[in-house]
1. Return the only residue of 306, 340, 297 being modelled with pLDDT under 85 and either among the small types (Gly, Ala, Ser) or under 27 Å from residue 263 (Cα atoms) (or both).
2. For segment 10-50, give me each residue that is without any contact (Cβ under 8 Å) to a residue 24 or more places away in the chain and surrounded by 12 or more Cβ atoms within 10 Å (Cβ to Cβ).
3. Determine if segment 134-154 includes at least one residue that is charged (D, E, K, R) and modelled with pLDDT of 90 or more.
4. Taking the condition modelled with pLDDT of 85 or more and surrounded by 15 or more Cβ atoms within 10 Å (Cβ to Cβ), does residue 117 pass?
5. Assess whether residue 248 counts as being at pLDDT 85 or above and among the hydroxyl-bearing types (Ser, Thr, Tyr).
6. Quick one: residue 122 ticks every box in (1) at pLDDT 85 or above; (2) within 16 Å of residue 176 (Cβ to Cβ) except a single one, so which number is it?
Amino acid sequence: MSLKIMAMNDLYRVLSKFFNYRFNLQEDSAPQEETITSIKKNVAFKGANLWTLIFAIFVACIGLNVNSTAVIIGAMLISPLMGPIVGIGLGIGTNDFDLVKKGLRNLTLATIISIIASTLYFTFTPLHEASSELLARTSPSIWDVFIACLGGLAGIVAATRKEKSNVIPGVAIATALMPPLCTAGFGIATGNLYYFMGAIYLYFINSVFICVSTFLIVRYLKFKKKTFENKEDEQKVSRYIWIVVMITIAPSIYLTYQIVGKSIFENNANKFISQQLNYTNTQVISKNLKYNRKGSEIDLLLLGAELSPQQLDSLNQKLPNYQLKGTKLIIRQGLNAKNEVDLSQIKASILEDVFKTSNEATANDPLQLLLPDLKPELRVLYPDLKDYSISNTVFNRLDTNKSDTLTMVVASFYKPIPIADQDRLRLWLKNRVKADSLKLIVL
């Protein structure tokens, strides 16, 4: 028994040494005063910070408007919104009530200015369609909560290091504070309350959990708490801080609970639809999933052969197998679906099937594989190249009665080129188009 205990102690020491060496956050941390000063400096919104925020908002609005992910990422990189949120978390972790108040005041100001700026943009822009990038910011999921938590942890860890890395910009992109505010402005400009509430909901979730993550790391690193000469004042400040924290976090806990429930329901519902309603002559044209703790609904619109009462009963009986007990299954078909059918839904469904079939055919037919545009590269590499053609073709060998698929390139030059250059061109083309075999004909 003693040998076993000794072995366990040795294992514990080895593991403890390993984790202390690999996961030690104290080793390369900057002095606490330096970190606190750096964070406090970015809390206030005035002068350059305020102008940068406004410019970032307009850039993000344009990105959402034209559905450009690259432009949206650029806006998030230049946005200074993380400053007051991290400041609030630091204030909570160090009992600095003045910093908490300053952070809340500046975050509120930044939020209001951002919504006003985005509302003005979407009021006067000629493009009023809701793009996919914009719609993605109207319905938060559980993944947004995880991203905010993990991104906030990464951000405050990076902020406490001696050498600053590229983590902070990455956190700004991942947590996506800017796009929800722009979407809220779009909701106001178009009079769509659903967009506004969904976007503010996402912004609130992100802000709260970044703040919570900051607080956790600050306490883990044992940042020195603000002390008061009068203990009663210290207790009063601490009490005020926790009141503010609870008022802020309580709604987010409830909202997160709702998000988790909704995400689980939608995942189970989609799994049920894909596995149980895959009939040959009947197709799901549209689906509407309504989550409610008291009773959720799956509303489906079907096109094609009508399902029999026995099939409908069977579907309802299988709902509990997908953790959908108590969910109401509404199926509209036949005459019940006549008034509900939208031609755009049918077109979208048909196009989806055609696109899927086309992709499968392309994947199975080597002749249908797309070839890249080589003009810019060939123009630089071979200035004397006059023209060229490239295609996948089938060569039939008469002697062996076999067929072989290869890539054929025909090129003509203003003046003859040496055989060695032709060989180099053939090898370059073969690697560039990733062809198993390639034939080059030079005219």
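The values are calculated or read from the model by the stated rules, or taken from the named source; none is laboratory data. Note that the structure is predicted; figures quoted are calculated from it, not measured. Here Cβ is always computed from backbone atoms with ideal geometry, including for glycine, and neighbour counts include all displayed protein chains.
1. Going through 306, 340, 297 in turn, the sole match is 340.
2. 34
3. No, the conditions are met nowhere in segment 134-154.
4. Judged against the criteria, residue 117 is a match.
5. Judged against the criteria, residue 248 is not a match.
6. Unmet condition: (2).
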